[in-house]
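These notes concern the structure reproduced below.
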Amino acid sequence: MNVLEQVISFIADQNVDAYFVGGIVRDELMERPMRRDIDLAIDGDAIELARAFADTHGGAFYLMDEEHNVARVILAETYIDLAQLRGSLREDLSTRDFTINAMARQLGSRELTDPFHGQKHLETKQICAVSDDVFKNDPVRLLRAIRFAGELNFVIGAHTEKLMQRDAPLLAFASMERARDELYKILALPDPLSALRHMDDLGLLAALLPQVNALKGITQSAPHVYDVFEHTMRVVDELVKIQIDDYNQVANDEFVAEMKAHMAQLVSANRERGTLLRLTALLHDIGKATTRSVADDGKIHFYEHEPRGAEMSEEILRRLRFSNTEIEIIRTVITHHLRPAELARNDSITNRAAYRFFRDTGDAGIDTCILALADWRGKAAPKIDIERDAKQRATNAILLNRYFNAAETVIAPPPVIDGNSLMTELKLKPGKHIGELLEAIREAQAAGEVKSQEDALAFARKSEIINHKS
């Protein structure tokens, strides 16, 4: 038996009324595939029933909310949530978010309980609030409405949109962990740009990410043709196009399998690196809001906007309860997102330059190369400088070639000497200059100038670090 059949069989043996509610009912009516989460409303002690089910079938039991008698069982990667009915079945359904999620079917029966016309709204493809207090009761539902509209290709009902505009400021006071999860799911949609613009229209973007909203109206010099906010939206869109094309465009059809595997990595709590890069694109230029200056010739500059943006992004990500690993990746990419474009201006890219780039970015250098192409295209999309675009793709190909094919010779050459040997041979005292010297030697290795310990000592004797120290 599959998990759903096990649930039905177990409940049938209990002296209790139980109802499928929420997404499982909605998706059954829509003939969508079996869900990985099952919601049950129980007319009785849901916690004890969940514990008994877990014991019987070897599932993992979790107490979710003792006060409201809610528990979860995880079995075969399926989440089964059991909650005691809050009043009558109709009263329980009235506490839910949207009409399409406020339907129920009793186990063992085909009869549908649909007091708020959810089935009708499925047919008309609308997201409609169950009541006018839906968002006041739980502001995260504001994001859920956007996400459901994107996932199901539905529209949000006119009255519900008015409620969302009214209650948008409440999102700033929502549970940030749950808001994070909904934002991630929105960014993972096939068309996150439409969802982000919808959020903006309803005031949700300003409430959740005021730093992004602050980019509106901040003009930029050529080759930019958009203000910073519109550029940001177009960078997100260009990144999605690159991802839909399986990263083929990033480096002229090279290293596609490697990039796909890299971006499919689960970084934290089943959040994929590729979707996190979309979040990075959304935040990549937030530092421009506080660093804009205009030179005497009228040219607009944003000096140091990258490190400033990285600092601001960390504040946002910590508020949204992202993991330290996710924060470090996003900070790194934002800090260095201009580096591939700067390298593309050169006639050639040396091994020393490639070494320095990946020394500073690590494997986030891959993400940075991908974002750099989207960033360039977002300056003037849909009009793109074909020659400049080709130059960026060629630069990415060179950098990624060094990363994937020359790891031990260019990116991370094995040390040919250690600090103790340096101090002994050159009669040096301990200090930070030893670390600086070792780093200079590694860089010289990457450039092919040092291949042995003897080479390293000869290089060190001529180094400005020693001469300056002496």
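The values are calculated or read from the model by the stated rules, or taken from the named source; none is laboratory data. Just so it is clear, the model here is predicted, and its values are computed rather than measured. In this analysis, Cβ positions are derived from the backbone assuming ideal geometry, glycine residues included, and neighbour counts consider all displayed protein chains. Note: areas computed on protein heavy atoms with side chains; ligands, DNA, RNA excluded. Shrake-Rupley method; radii C 1.70, N 1.55, O 1.52, S 1.80 Å.
What FRET efficiency comes out for ARG90 versus ILE8 if R0 is 30 angstrom and r is the Cβ-Cβ distance? Round to the nearest 0.05. Step by step, r from the Cβ atoms, then E = 0.80.
Within the stretch 283-385, list the GluC sites (Glu not before Pro) lying in a DSSP loop whose Cβ has at most 14 other Cβ atoms in a 10 Å radius.
On the way: sites: GLU304, GLU311, GLU314, GLU315, GLU326, GLU328, GLU342; in loops: GLU304.
When the GluC sites (Glu not before Pro) of the stretch 283-385 are filtered for loop state and at most 14 Cβ neighbours within 10 Å, GLU304 remain.
With a ≥ b ≥ c the root eigenvalues of the C-alpha gyration tensor of the stretch 175-271, is it rounded (a/c under 1.5), prolate (a/b larger than b/c) or oblate? It is oblate, given that a/c is not under 1.5 and a/b is not larger than b/c.
Between the C-alpha center of the stretch 272-302 and that of the stretch 178-256 there is a gap of 12 Å.
Which entries in the list LYS185/LYS241; LYS136/LYS260; LYS391/LYS451; LYS125/LYS260; LYS162/LYS241 go over 29 Å, if you measure between the two C-alpha atoms of each?
Numbers: LYS185/LYS241 18 Å; LYS136/LYS260 41 Å; LYS391/LYS451 32 Å; LYS125/LYS260 34 Å; LYS162/LYS241 32 Å.
In this structure, LYS136/LYS260; LYS391/LYS451; LYS125/LYS260; LYS162/LYS241 lie more than 29 Å apart at Cα.
Principal-axis analysis of the Cα atoms of the chain puts helix 453-462 at an angle of about 70° to the longest axis.
Where a ≥ b ≥ c are the square roots of the eigenvalues of the C-alpha gyration tensor, would you call the chain rounded, which needs a/c under 1.5, or, failing that, prolate if a/b is larger than b/c, or oblate?
Judged from the Cα gyration tensor, the chain comes out prolate (a/c at least 1.5, a/b above b/c).
What residues of the stretch 368-385 lie in the reach of a label at VAL225, counting those whose backbone N is under 16 Å from a point 7 Å from the Cα along Cα→Cβ? Hits in the stretch 368-385 for VAL225 at 16 Å: 375-385.
Which whole-percent values make up P(r) of the stretch 90-225 when all C-alpha to C-alpha distances are grouped in 5 Å steps starting at zero? For the stretch 90-225, the pair-distance distribution reads 2, 10, 18, 20, 19, 12, 8, 5, 3, 1, 1, 1, 0, 0. Rolling a 1.4 Å probe across the protein heavy atoms gives the chain an accessible surface of 47 Å² per residue. Restricting the calculation to Cα atoms, the stretch 316-364 shows an Rg/Rh of 1.11 when the hydrodynamic-style radius is the Kirkwood one. In the stretch 362-470, the C-alpha radius of gyration followed by the widest Cα-Cα span (Dmax) gives 19.3, 61 angstrom.
Would you kindly calculate the mean projected area, averaged across all directions, of the convex hull enclosing the Cα atoms of the stretch 279-421, in square nanometres? Don't skip to the answer; put the middle values down first.
Details: hull surface 47.2 nm².
If you wrap the Cα atoms of the stretch 279-421 in a convex hull and average its projections, you get 11.8 nm².
What does the net charge come to around GLN453 if you take all other residues with beta carbon closer than 11 Å to its beta carbon, with K and R at +1 and D and E at -1? Taking every other residue near GLN453 into account, the sum is -3.
The gain in end-to-end length when the ALA295 to GLN119 segment is fully stretched comes to 57.3 nm, 0.36 nm per residue minus the alpha carbon separation.
Rg and Dmax over the alpha-carbon atoms of the stretch 45-128 stand at 14.8, 42 Å. Taking the accessible area of the chain, probe 1.4 Å, and keeping the other protein chains in place, the carbon and sulfur fraction comes to 47%.
Can you list the GluC sites (Glu not before Pro) in the stretch 2-33 that are in a DSSP coil and have 15 or fewer other beta carbons within 10 angstrom?
On the way: sites: GLU5, GLU28, GLU31; in loops: GLU31.
Taking the stretch 2-33 and a limit of 15 other Cβ atoms within 10 Å, the loop GluC sites (Glu not before Pro) found are GLU31.
Could you give the distance between the Cα centres of the stretch 311-349 and the stretch 14-45, to the whole Å? Here the answer is 42 Å between Cα centres. Based on Cα contacts under 8 Å between residues 6+ apart, the stretch 164-323 shows a relative contact order of 23 percent. Here each label is just a point 7 Å from Cα along the line to Cβ, and for TYR303 and ASN324 those points are 3.5 nm apart. Each label was represented as a point 7 Å from its Cα along the Cα-to-Cβ direction; for ASN137 and GLU66 these points are 2.5 nm apart. Extension gain, GLU387 to SER175: 0.36 nm times the residue separation minus the Cα-Cα distance gives 71.6 nm.
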